[in-house]
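Colleague: This is the structure I want to talk about, given as structure tokens.
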Amino acid sequence: MSPAVTTSSEATQRAATGDVSSATASAAASAAASAPATAEASGPQTITMAKALNTAMADAMEADSSVLVFGEDVGRLGGVFRITDGLMATFGEQRCFDTPLAESGIVGMAVGMAMNGMRPVIEMQFDAFAYPAFEQIVSHVAKMHNRTKGTVKLPMVIRIPYAGGIGGVEHHCDSSESYYAHTAGLKVYTPATVADGYRMLREAIDSDDPVMFMEPKKLYWSKDQVDLGALRAEHSANAATGSSSEGRAAVARPGTDATLIAYGPSVPTALAAAAAAAEEGRSLEVIDVRSIVPFDDETVCASVRKTGRAVVIAEAHGFASVSSEIVARVQERCFHYLAAPIRRVTGFDVPYPAPKLEHYYLPSVDRILDAVDDLQWEN
């Protein structure tokens, strides 16, 4: 049984100032009310992804005293998005604490802790805020295990709220996953469902390798029926047998005519496009990649071999991206099964736009359906 996390009574005005836009502040206040407030109950219950992530950290901290959480405003405030709300009150200031505004220092401290037996879970407040720590991540986090010929492990998780859809301004809505996916030595996870928020964060914390845990911030308030007890039992069983869902994609919606391949924030958009296509008589399968690194070629390619057509969907820029890597991998493995060239629907190759313009930038149902229509159906 997990601890009953004590919710923070802090006022939320801090979220409406400083680095956060008014839209984000409103969302943060909503998260404060929803993330940890759901009472523990047996059986399925409706919870948010924010609550699932919060519970995953609480359960991991309860199970293992070497797990600790730190970052900017994650303690008393509970994080800008309230994902860590209540952890300081429950576990104390030695296990969950605030840091200075120094991302490179946060990561560097976590490296030292991980080298000495701790399992730090650190938060980069927003996606682009992590860039000052990039040298630490690339030069040390990703390379320490190899540098020491496997004698030093770095069991640490870097949580990054990423991507758009919240009306945030510059530096608050980057899709930075390609930087980390390109860096050998890092695992890169991105959940798209409430259940995976819990499941994948527990697996990330358990990993002896560093994990970049990319959290789609616009999905923090998505809700679903989830049985936390069943998820805890699943995690315990996997830990006992040494198995997990790590590196495995999921078929989010079965179909026969074409495959939509998406991850993180783009999965709900792909599912909406598949639902719209069904009304027009076209059956689209949706694959949720889940783990960018390691990548599940088997599940993705099995779907494309079945349907013969594919569209890759991602919010990030299309050039030199995760989406372009997925296209290359599928093309290499499924060439003789393809009835048409693989298409992509991505963010445009421009800096992230102003809040009122982001709906033009982000992949949409209409853009996805246009790409599907272009898959040479007349042949």
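The values are calculated or read from the model by the stated rules, or taken from the named source; none is laboratory data. Only a predicted model underlies this, so the values are computations on that prediction, with no experimental measurement involved. Here Cβ is always computed from backbone atoms with ideal geometry, including for glycine, and neighbour counts include all displayed protein chains. Surface areas here come from the heavy atoms of the whole protein model, side chains and all, with no ligands, DNA or RNA. Shrake-Rupley method; radii C 1.70, N 1.55, O 1.52, S 1.80 Å.
Colleague: Considering only protein heavy atoms, with the full assembly of protein chains and a 1.4 angstrom probe, order Asp297, Asp127 by accessible area, largest first.
Modeller: Asp297, Asp127
Colleague: Ordering Phe81, Phe335, Phe295 by how much accessible area each has at a 1.4 Å probe, largest first, what is the list? Show your work: numbers first, answer last.
Modeller: On the way: Phe81 5, Phe335 120, Phe295 45 Å².
Per-residue accessible area, sorted high to low, gives Phe335, Phe295, Phe81.
Colleague: Ignoring everything but the protein chains, give the 1.4 Å probe accessible area of Met118 in square angstrom, nearest 10.
Modeller: Rounded to the nearest 10, the figure is 70 Å².
Colleague: Here's another thing I want to ask about it. Ignoring ligands and nucleic acids, what accessible area does Lys143 show with a 1.4 Å probe (Å², nearest 10)?
Modeller: Surface accessible to solvent at Lys143 totals approximately 90 Å².
Colleague: Could you tell me the relative contact order of the chain? Use alpha-carbon pairs under 8 Å, at least six residues apart, and round to a whole percent.
Modeller: On the way: 820 pairs, mean separation 55.0, N = 379.
After rounding, I find 15 percent.
Colleague: Just how much of Arg309 is accessible, in Å², when a 1.4 Å probe is used and the result is rounded to the nearest 10?
Modeller: 30
Colleague: If you don't mind, another one. Output the relative contact order of segment 49-185, whole-number percent, from Cα pairs under 8 angstrom with separation of 6+ residues.
Modeller: Numbers: 216 pairs, mean separation 29.5, N = 137.
Computed value for segment 49-185: 22 percent relative contact order.
Colleague: Compute the acute angle (0 to 90°) between the alpha-carbon long axis of helix 194-206 and the principal axis of greatest extent of the alpha-carbon atoms of the chain; round to the nearest 10°.
Modeller: 60
Colleague: Given Cα positions, please report Rg to Rh for segment 37-130, the hydrodynamic radius being the Kirkwood one. Spell out each step's value before the answer.
Modeller: Working: Rg = 13.6 Å, Rh = 13.8 Å.
That ratio is 0.98, to two decimals.
Colleague: Also, quick follow-up: Which of the aspartates and glutamates could a cross-linker span from Lys143 if the Cα-Cα distance has to be under 14 Å and same-chain partners fewer than 8 positions apart are dropped?
Modeller: Those aspartates and glutamates meeting the cut-off are Glu135, Asp208, Asp209.
Colleague: What number, rounded to the nearest 500 deg cm²/dmol, is the helix-based mean residue ellipticity at 222 nm of the chain, given -39500 (n - 2.57) per DSSP H run of at least four residues and division by all its residues?
Modeller: Values: 13 runs with 132 residues, N = 379.
One gets -10500 deg cm²/dmol as the mean residue ellipticity at 222 nm.
Colleague: Right, next: What number comes out for the charge environment of Lys218, summing +1 per Lys or Arg and -1 per Asp or Glu over other residues with Cβ under 14 Å away? Working shown, then result.
Modeller: On the way: positive: Lys217, Lys223; negative: Asp127, Asp174, Glu215, Glu315, Glu358.
Here the charged neighbours net out to -3.
Colleague: Out of all DSSP beta bridges in the chain, what portion is antiparallel? Express it as a percent rounded to 5.
Modeller: Values: 9 of 42 bridges.
So the antiparallel bridges amount to about 20 percent of the total.
Colleague: Can you tell me which of 194-206, 342-354 comes out highest on packing, and rank the rest after it, using the mean Cβ neighbours within 10 Å? Before the final figure, lay out each step's value.
Modeller: Working: 194-206: 24.5, 342-354: 17.5.
The densest-packed peptide leads the list: 194-206, 342-354.
Colleague: When the accessible area of the chain is split by element with a 1.4 Å probe, what percent falls to carbon and sulfur?
Modeller: Numbers: 8050 of 15160 Å².
The value for the chain is 53 percent carbon and sulfur by accessible area.
Colleague: Continuing with the same structure: Please go through the residue pairs Lys51/Lys217; Lys153/Lys217; Lys187/Lys218 and name each one whose alpha carbons sit more than 24 Å apart in this structure. Before the final figure, lay out each step's value.
Modeller: Details: Lys51/Lys217 13 Å; Lys153/Lys217 29 Å; Lys187/Lys218 22 Å.
Lys153/Lys217, as the Cα separations exceed 24 Å there.
Colleague: Measure nothing but the geometry: give the 0 to 90° angle between the long axis through the Cα atoms of 103-115 and the longest principal axis through the Cα atoms of the chain, rounded to 10°.
Modeller: Between helix and principal axis, roughly 80 degrees.
Colleague: Sort Thr256, Thr148 by accessible area with a 1.4 Å probe, largest first.
Modeller: Values: Thr256 85, Thr148 35 Å².
If we order Thr256, Thr148 from most to least accessible, we get Thr256, Thr148.
Colleague: Still on this structure, I have one more. Could you work out Rg/(2.2 N^0.38 Å) for segment 277-325, with Rg from alpha carbons only? Show your work: numbers first, answer last.
Modeller: Values: Rg = 12.4 Å, N = 49, 2.2 N^0.38 = 9.7 Å.
With N residues counted in segment 277-325, Rg over 2.2 N^0.38 Å equals 1.28.
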